[in-house]
Amino acid sequence: MTWLRALKETARTGLTIERTRLEPLVALRGACGVAIVIGLILWLGSPPLAVASAFGAFASGIATFQRSWRPRPVLALAAAGGLAVSTFLGYVAAAHPLAFVLLLGAWSLLAGMAWAVGPVSGLVATQMVAVMLVTVTLPTSVLGAVHHAALIAFGGLVQAALIVLVPIRPWGAQRDALADAFAAEADFARRLREDPVAPFDPQPLMDARHAASMTPRQARRRPRQLRGYRALAERIRPVLASLADPVVGAPATGPERERVRDLLQAAGTVLDAVAHAIRWGKPVRLPVEAMAVLEVPASGPMLHGAARRSALRLMALLAEVVESADEPLETVAPAHPTPPPAASAAESPAEGTAAAGPAGREADRPGEPTGGQPVAQVAPARHALLRPTVPRLVPLALRALHRELRWGSSVLRHAMRLAAVACAGYLLGSLLPLGHGYWAPMASVMVMRPDFEQTYARGVARFTGTLVGVALGGAVMALARPDEWVSAGLAVVCVGLMYLLMRTGFTVASACISAYVVFLLGIAGEGWSQTVQDRVGLTLLGGLLAMAAYALFPAWETPKLRDRLADWLQANGRYAVAVFGGHAHPLERRPRHVRDALLDARAARLAWEQSEARAQAEPVRHRGISRRSAGAAQTALSTMGRVTMLLEAHPPDRSAPASPAAEEFAAALRVALPDAADAVRARQPLDWTAVHAALDAWRTREGTDALPVRCAELLVDALDELAGALSRGPGGKNRARRRV
């Protein structure tokens, strides 16, 4: 992609306004926190002091709107504490220009490294640099610095107190994440009706897992609907895929396929109803038609083999998730109440044993509810993914920072860029004959992100939003000439709009913030015309500095694509080895080991997708892998993961005999993976000779009808497709070393 095209694409991205669900009550609560701080300080103190202290409540409110699963009061208090420390240090060093520049550089470097811990930490650290830049305009003594820092912390305390005293939809973020997971599986079930091999984005399940991670105190206090049901959602997905797949499930055409389509439609209806119940804490309401489909029919098309096992297991899991999410079960307009699906399956003489089999095997999975066990009887801590408390988070954060201390790290490069631009912007702003020179470095700090697309998109959005915001704010100030109290009220209105519309796009947020600054400075009696002129010019300067810094010292994702692809291949391979190893030794299979391998594979896939998406927007050529090859490789690895998931949905009985051929296949795959990953990184052809030989030996011993053998064939085909995708030369010639 050329630079011109990259700039056009990033500008379009930055100016995009998204449609999202708004939370007016939450925005109103955050605006009230800012209003309380401004009103109290304006009443008890002075207008300049009210302007300075408003930043604490404003920034702490922004922190509580970030996508984090920690309690919102904790986010507000953490942000307020960091802002108070930054304020104190800035005030102390403001009287000494050289010392302040050195402090600003070190503080910006640490703020940039905070992105290694997570995006929320990075954003809060960015706010800390911004407040340090603001403090230089109000020099004071050490005692005064303590006073100002306490006012900043007071703003965070007010926001935290309002969250505790005025709770609005508690556990709403966790409910939404879990409901989104079930809604995604409902959509997956409906898509499988038309496309039996439809892909599934695991992101909702990953978000639900992050949301389920909580501190011990949270685990004891969470609602019943959030206790352990994510595990059920995880178990439903492979069953849906295995039921629909024509290779391991029902035939592609015929009466059995129509029965599968009906089951998938009913499953989608049930999962949607469960998602709605979890999201709003209401009883589950199921249409009678869906319940009727989820019964073993007395006559008509019957499923056989692996498809029958998948169908019965799906019925049991759906009954379990409905029972878990609702007490009691409700149906819509039931002429004759229908028993739950699990009971219907168990009452069938022909298939009762098969129905009990999968549910019984699920009891072997530690930490998950079983088919016939009421979830209310399970201890909450048993299903909780315990999140480290704030004190225990410190060593984890230090380890994360240590991992990024390498020259090729995008986080380290971002930190170095941030430090250099903050210092350069501060010096340039001080030299220019404009007021509020700190706006230039503050604009740079707020724009810069560790990747190219976000930095440039936010730069365009920041400047455009600033133009709109200062124009509207300046027009109001010029026409209405409000006094300090009216200006304070207008500033609070802008804050409320920013909180409300924050997730619609950075342009809208920047416009609200710019108008907020105009009205806030109006409290202190500063002229609106100078505010508009300075704000626009210095924001443009800061944005240009941020963009130039990334162009001169980039951290491109494009050269890392092969590394990300190799990591995904290895993670997928470990997942496959774990699943095939369970079929090799059924008595020794370890579901938790398989689960951990699956989570690693998902994380590697997410890292690849994020890296590939960033590379698509970069104005550099793909080094070593074209976009066409990258797309084909992604398809092959996605197929590899999907095939492994299909086999995971059909675990063997622990009483089944061991399979030496499966053990040899798993061993061959395990041995070949490191060399294959090195070959991907070194741009060498992949060699799956040993894996093909192990598959041929497996076919010879056990034939081609067994489900594990069929899945192994599909997996090897995916590996060959990966080899072909990565070995195409410029002329399209396939140089893969494939031996069948």
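Quick notes
- Selection within segment 14-35 - touching a residue at least 12 places away in the same chain (Cβ under 8 Å) and open to solvent by 70 Å² or more (accessible area, probe 1.4 Å): LEU15, ILE17, GLU18, ARG19, LEU22, PRO24, LEU25, LEU28
- Criterion applied to LEU686, LEU647, LEU598 was being at pLDDT below 95 and touching a Cys at 6+ places or on another chain (Cβ under 8 Å), and the one residue passing it is LEU647.
- If you go through segment 252-275 and keep only what is closer than 15 Å to GLU185 by Cα and out of contact with any helix residue (DSSP H, G or I) (no Cβ under 7 Å at 6 or more places or on another chain), you end up with just ALA273.
- Look at (1) free of Cβ contacts under 8 Å to residues at least 60 places away in the same chain; (2) under 24 Å from PRO395 (Cβ atoms); (3) in a helix (DSSP H, G or I) and you find that ALA106 fails only one, number (1).
- Among the residues of this structure, ALA571 counts as one that is without any contact (Cβ under 8 Å) to a residue 40 or more places away in the chain, closer than 29 Å to HIS650 by Cβ and hydrophobic (A, V, I, L, M, F, W, C).
- Here segment 613-642 is the region considered, the condition is being among the hydroxyl-bearing types (Ser, Thr, Tyr) and part of a helix (DSSP H, G or I), and the residue that is surrounded by the most Cβ atoms within 10 Å (Cβ to Cβ) is THR639.
- Which numbered condition VAL411 misses (of (1) touching a Lys or Arg at 6+ places or on another chain (Cβ under 6 Å); (2) more than 30 Å from LEU178 (Cβ to Cβ)): (1)
- Candidates in segment 582-597 are the residues that are in contact with a Pro (Cβ under 9 Å, 6 or more places away or on another chain) and assigned to a helix (DSSP H, G or I); of these, the one that is surrounded by the most Cβ atoms within 10 Å (Cβ to Cβ) is HIS583.
- Filter pass, VAL536 being touching a Gly at 6+ places or on another chain (Cβ under 7 Å), modelled with pLDDT under 90 and of a type in the set (Val, Ile, Thr): no
- Which numbered condition LEU165 fails, given (1) modelled with pLDDT of 85 or more; (2) over 17 Å from ALA76 (Cβ atoms); (3) out of contact with any helix residue (DSSP H, G or I) (no Cβ under 8 Å at 6 or more places or on another chain): (2)
- Residue count for segment 40-57, restricted to those that are open to solvent by 10 Å² or more (accessible area, probe 1.4 Å) and either touching a strand residue (DSSP E or B) at 6+ places or on another chain (Cβ under 7 Å) or under 27 Å from ARG169 (Cα atoms) (or both): 1
- Annotation: ALA198 fulfils all but one of (1) assigned to a loop (DSSP other than H, G, I, E, B); (2) open to solvent by 10 Å² or more (accessible area, probe 1.4 Å); the unmet one is (2).
- Options PRO433, PRO450; residue that is in a loop (DSSP other than H, G, I, E, B) and surrounded by 21 or more Cβ atoms within 10 Å (Cβ to Cβ): PRO450
- Whichever residue in segment 658-704 is among the β-branched types (Val, Ile, Thr) and loosely packed, with under 15 Cβ neighbours inside 10 Å and, among such residues, is nearest to the chain's Cα centre (by Cα): VAL671
- Of the residues making up segment 90-103, those that are in a helix (DSSP H, G or I) and touching a Phe, Trp or Tyr at 6+ places or on another chain (Cβ under 7 Å) are ALA93, VAL101.
- In segment 150-173, the residues that are more than 26 Å from ALA212 (Cα to Cα) and part of a helix (DSSP H, G or I) form Cβ pairs under 7 Å with partners that are open to solvent by 30 Å² or more (accessible area, probe 1.4 Å) and modelled with pLDDT under 90, at six or more places apart or across chains, as follows: ILE152/PHE55.
- Which listed residue is over 20 Å from LEU178 (Cα atoms) and modelled with pLDDT under 90, from PRO246, PRO216, PRO196, PRO223: PRO246
- Scanning segment 518-530 turns up at least one residue that is more than 30 Å from CYS711 (Cα to Cα), open to solvent by 30 Å² or more (accessible area, probe 1.4 Å) and touching a helix residue (DSSP H, G or I) at 6+ places or on another chain (Cβ under 6 Å).
- PRO651, sole failed condition from (1) surrounded by 17 or more Cβ atoms within 10 Å (Cβ to Cβ); (2) in a helix (DSSP H, G or I): (2)
- Selected residue (only one of VAL577, VAL594 is out of contact with any Ser or Thr (no Cβ under 6 Å at 6 or more places or on another chain), in contact (Cβ under 8 Å) with a residue 60 or more places away in the chain and aliphatic (A, V, I, L, M)): VAL577
- Filter pass, GLY81 being touching a residue at least 24 places away in the same chain (Cβ under 8 Å), open to solvent by 30 Å² or more (accessible area, probe 1.4 Å) and either under 30 Å from PRO170 (Cα atoms) or out of contact with any helix residue (DSSP H, G or I) (no Cβ under 8 Å at 6 or more places or on another chain) (or both): yes
- Restricting segment 169-184 to residues that are at pLDDT below 90 and hydrophobic (A, V, I, L, M, F, W, C), the residue that is surrounded by the fewest Cβ atoms within 10 Å (Cβ to Cβ) is ALA173.
- Looking across segment 116-136, just one residue is open to solvent by 40 Å² or more (accessible area, probe 1.4 Å), part of a helix (DSSP H, G or I) and not hydroxyl-bearing (Ser, Thr, Tyr), and that is PRO119.
- All of (1) open to solvent by 50 Å² or more (accessible area, probe 1.4 Å); (2) over 30 Å from ALA95 (Cα atoms); (3) part of a helix (DSSP H, G or I) hold for LEU192 with one exception: (1).
The values are calculated or read from the model by the stated rules, or taken from the named source; none is laboratory data. Quick caveat: nothing in here was measured; it's all calculated off a predicted structure. Cβ coordinates were reconstructed from backbone atoms using ideal geometry, including for glycine residues, and neighbour counts include every protein chain displayed. These accessible areas exclude ligands, DNA and RNA; they are computed on the full protein's heavy atoms, side chains included. Shrake-Rupley method; radii C 1.70, N 1.55, O 1.52, S 1.80 Å.
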